[in-house]
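Here is the structure we will look at, set down as structure tokens.
Here, each number is a calculation from the coordinates, and none is a lab measurement. Computed from a prediction, not measured in an experiment: that's the story for all the values here. Ideal geometry is used to build each Cβ from the backbone, glycine not excepted, and the neighbour counts take in all protein chains shown.
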Amino acid sequence: MADSLVLAVEAGAPNLVAGGVFAQWAGIMLVLPFVAFLLIIFFGKRMKYLGAELAIGAMAIDLLWASVLFVQNMGTGLFREEHFEIASIGVFDGRSLVFELGWLVDGLSIMMYFVVAFVSLLVFIYAVGYMHGDVRVTWFFAALCLFAGSMLVLVGAPNLIQLIIGWEGVGLASYLLIGHYWEQKENSSAAMKAFYTNKVADVGLVLGAILLGLAIGDFSFSAISEAAANHAQPLEAVAFAGGLLLFLGAMGKSAQFPLHIWLPDAMAGPTPVSALMHAATMVTAGIYLMARTFPVYQDLVGGEAAREWMVPIGAITLFAMGLLALVADDIKKVLAYSTVSQLGYMMTAVAAGGYTAGLFHLFTHAFFKALLFLGAGSVIHAVHSNNMSDMGGLRKEMPRTFWTFVIGSLSLAGIIPLAGFFSKDEILATLDHEGYQTVMWIAVAGAFVTAFYMTRAVALTFFGSYKGHGHPHESPAVMTVPLVLLAVPSVIAGFLNIPGVEFGGLGNFTSWVGARVVTIGDHHPEGIDWTLAAYGLAAGGLGIVLGWLLYGRDEETQAARDLFEIPVLYPLLRQKYYMDHMALGLVGFTKGPSARAVDWINTYVIDGAVNAVGGGTRILGRFVYGGLDQRGIDMFFNGVSAATDSAGLAVRRLQTGRVQQYAMGFVVGALVLVLAIAVFN
Amino acid sequence: MMVNQFLVVAAALFALGVYGLIVRRNAVMVLLAVELMLTAVNINLVAFEAVIRSSQAVGQVFAIFVITVAAAEVGIGLAIILMIFRNRQSANVDDFSLMKF
């Protein structure tokens, strides 16, 4: 405990307490899955359930821990931040920056701990049945632990840097799990698509984190939140750019248009992974990031301006992506597009200023979407096909799966009094209150689409006659019990946040997630606006009725049942608005012309320069060698030696060996000398 | 006392020696010519001493030195010539022109 930051009653801050030993040591929750990960890798293969028991054990402890915190947070909220300084990053602008790891216990993170642990535990248990006899079961559970653990690190992060670490850990684990059946090319391609698409968005997250962190010299959420609440000028200056950059990061993880393209393909992974990813551990990260940094968007002018850009993105996502679920044959794809659409709801709500509304939909959606995915997995397990054209009439063979799936579908469709009704109604109320009437009507239309495609999925899967092969049978208890356990909160979770209703002194969901270091000043309606609720219910009911009329009948083949094609729209939807083509085109652009341009620059500019320098050096070298060295210096010395040589050849003639000639020369020389002296003296 | 006549004789004798040195082919005769040149030098030395009359009789002393050296030189020279004659059956200096290019 380097230093524990306990912020209690401050001016404008909610009344919070530091909590007990569970809050103090909440970091154990974050570490446990990683311990399980290592233990599974080293000892998993020797264990009875191939390591699954370790994963389930770790997650069960986490769930207990999170439940205790969840209960403690009721009434008076908790706030506790523990962090250790790992390294000093350096000094920027006169302020020293530190890199810290730790954990944050407040209303928002407690809610996320609970959701992540709850869904993860049930998915882990379910996976024991689903993955029975599969390849690499041990590795699968190890990666699941990594996935859940990274998500816990993400939601428990007290600062942006640790959040990025968890964020990337989630990305890595999702890559491993989506590509679990990597023997088939399309699965590993889907894994890479998810990874790359997220990487594009991560650039925004990292840049946004740097921008916000450097503006106030502190990466911790508490400091950023307080600076935002105090309208700090340095933070205000970067709020718009920083807010949009963080949103770009959230667009990737939370699959907002147009970066949603990875999510449907992520269905390549085993169904438990899809359930985990869509409910708790991956796609909620972006919404969580928006909620965590919500004071920046709420209290600063720049942040509010950034939200104006986020609302349309969320609105497009919630409506256009929901339509795609209408034409999918793969039951998991239906659910995947449904998730994208619901994430659009959450993002729209948060962007419109509905902090609680967005988080509440995240909370309820986690339960019923996990339920729907696990139900779909149960069906897939029985019929050995993802396609609804191989299903039909399964309600008799698989009653438990059927009933839980129907509950999940009704909850998702927003039928009173299931969980989805309350959370969706709250989003509608937020949009209405914040003045986004157009977006509210889009959301109502989205509710109709949601009900319609879920009815279609239920009708094609469970009604009519069986179109597949073999005899499907109900899944084992290890799979159906988690379904039932998820169906319970799918029904009752909505009651946690009925506007105006509080559980005695315990508060409700609104006050629970509002336990933050600063007060979140979003709007909380006094009671249910029954007009809006009626719109939502009417849209949902109409969707169910229309869906049943169109798909409730039985035909010889599933394709005939599904034969309802609106011109123009149907091919557009089948091709997913050609988004994949556009993305591929973009990639192709970078791969094609731009790559060629880079190649051209490389060949002619960079290589040209290098070649010119090389060639110049060669010419210079040739000149120095041939001209200067060979013809100049060498010729000089050669000439000197040749001259000496020929001179020697000439002079040696004088050396006759005849002594008397020498004597003659001697005498003549002496005479010349004498004469010279005589003459010149 | 006049010194010129001695100098003229010495010069004539030296010139004779030079002539013999250059012209004669017999090695013994060449040696003799060298002796003539040395003798001419000795006459000069003694003649100058007679004029200068130095206290230590330097001229005579040098003359005696030259005679001594000449004797030694002739001794070595004749020995060489003898050896060459034994090898080549000739005393002609033109046959000895080995020390050339």
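Structure values in brief
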| read-out | value |
| --- | --- |
| Residues A:ALA612 and A:ASP634, FRET efficiency given R0 of 41 Å [Cβ-Cβ distance, rounded to 0.05] | 0.90 |
| Distance (nanometres) between label positions extended 7 Å along Cα→Cβ at A:HIS523 and A:ALA241 | 3.2 |
| Cα centre as origin, Lys/Arg/Asp/Glu Cβ charges: chain A dipole, Debye | 2520 |
| Fully extended contour minus Cα-Cα distance, from A:LYS185 to A:LEU671, at 0.36 nm per residue | 163.8 nm |
| Cα Rg over Rh - chain A, Kirkwood | 1.34 |
| For the range A:491-534 and the range A:629-669, distance of Cα centres in Å | 118 |
| Pairwise centroid distance, computed over Cα atoms, of the range A:95-128 with the range A:313-332, Å | 29 |
| Overall form of the range A:168-324 per C-alpha gyration tensor (a/c, 1.5; a/b vs b/c) | prolate |
| Overall form of the range A:124-210 per C-alpha gyration tensor (a/c, 1.5; a/b vs b/c) | oblate |
| Number of partner chain Cβ atoms within 10 Å, mean per residue of A:611-619 | 0 |
| Footprinting exposure proxy for A:HIS260, A:HIS381, A:HIS132, A:HIS469 (fewest neighbouring C-beta atoms within 10 Å first) | A:HIS469, A:HIS132, A:HIS381, A:HIS260 |
| Rotationally averaged projected area of the range B:26-93 (alpha carbon convex hull; nm²) | 4.3 |
| Gap separating the Cα centres of the range A:234-251 and the range A:353-413, nearest whole Å | 35 |
| Rounded FRET efficiency, nearest 0.05, which uses the C-beta distance separating A:VAL406 from A:TRP441 and R0 of 22 Å | 0.20 |
| 18 Å cut-off, amide nitrogen to a point 7 angstrom out along A:LEU506 Cα→Cβ, residues in the range A:414-440 | A:419 |
| Gain on full stretching of the segment that runs from A:ARG658 to A:VAL481 - 0.36 nm per residue minus C-alpha separation | 50.6 nm |
| Average partner coverage of B:91-99, which counts Cβ from other chains inside 10 Å | 3 |
| Relative contact order [Cα under 8 Å, 6+ residues apart], the range A:226-360, whole percent | 29 |
| Nearest-0.05 FRET efficiency for B:SER90 and B:TYR19, computed from C-beta distance (R0 25 Å) | 0.65 |
| Length released on extending from A:ALA534 to A:LYS396, taking residue separation times 0.36 nm less the Cα-Cα span | 46.3 nm |
| Label point at B:ARG53 placed 7 Å out along Cα→Cβ; residues across the range B:1-30 whose backbone nitrogen lies under 16 Å | B:1-3 |
| Mean ellipticity per residue at 222 nm, deg cm²/dmol - from DSSP H runs of n ≥ 4 across chain B, formula -39500 (n - 2.57) | -27000 deg cm²/dmol |
| Fewest-first ranking of A:ILE261, B:ILE43, using other Cβ atoms within 10 Å as the exposure measure | B:ILE43, A:ILE261 |
| Least to most buried among B:SER55, A:SER646, A:SER511 (fewest other Cβ within 10 Å first) | B:SER55, A:SER646, A:SER511 |
| Cα-based reach from A:LYS332 at 29 Å (exclusive), listing lysines while leaving out same-chain residues under 8 positions away | A:LYS185, A:LYS193, A:LYS199, A:LYS253, A:LYS369, A:LYS396, A:LYS424, A:LYS467, A:LYS576 |
| Prolate/oblate/rounded call for the range A:400-558, Cα gyration tensor, a/c under 1.5 rounded | oblate |
| Mean Cβ neighbour count within 10 Å, used as a protection proxy, ranking A:230-239, A:277-286 highest first | A:277-286, A:230-239 |
| Value at 222 nm in deg cm²/dmol, rounded to 500, when DSSP H runs of n ≥ 4 in chain A each add -39,500 (n - 2.57) | -22000 deg cm²/dmol |
| A:VAL17 long-range amide H proximity, modeled H, under 5 Å | A:GLY77, A:LEU78, A:PHE79 |
| Sequence-distant residues sharing a close amide H with A:ASP330 (under 5 Å, placed H) | A:MET388 |
| Per-residue mean of C-beta atoms belonging to partner chains within 10 Å, peptide A:233-245 | 0 |
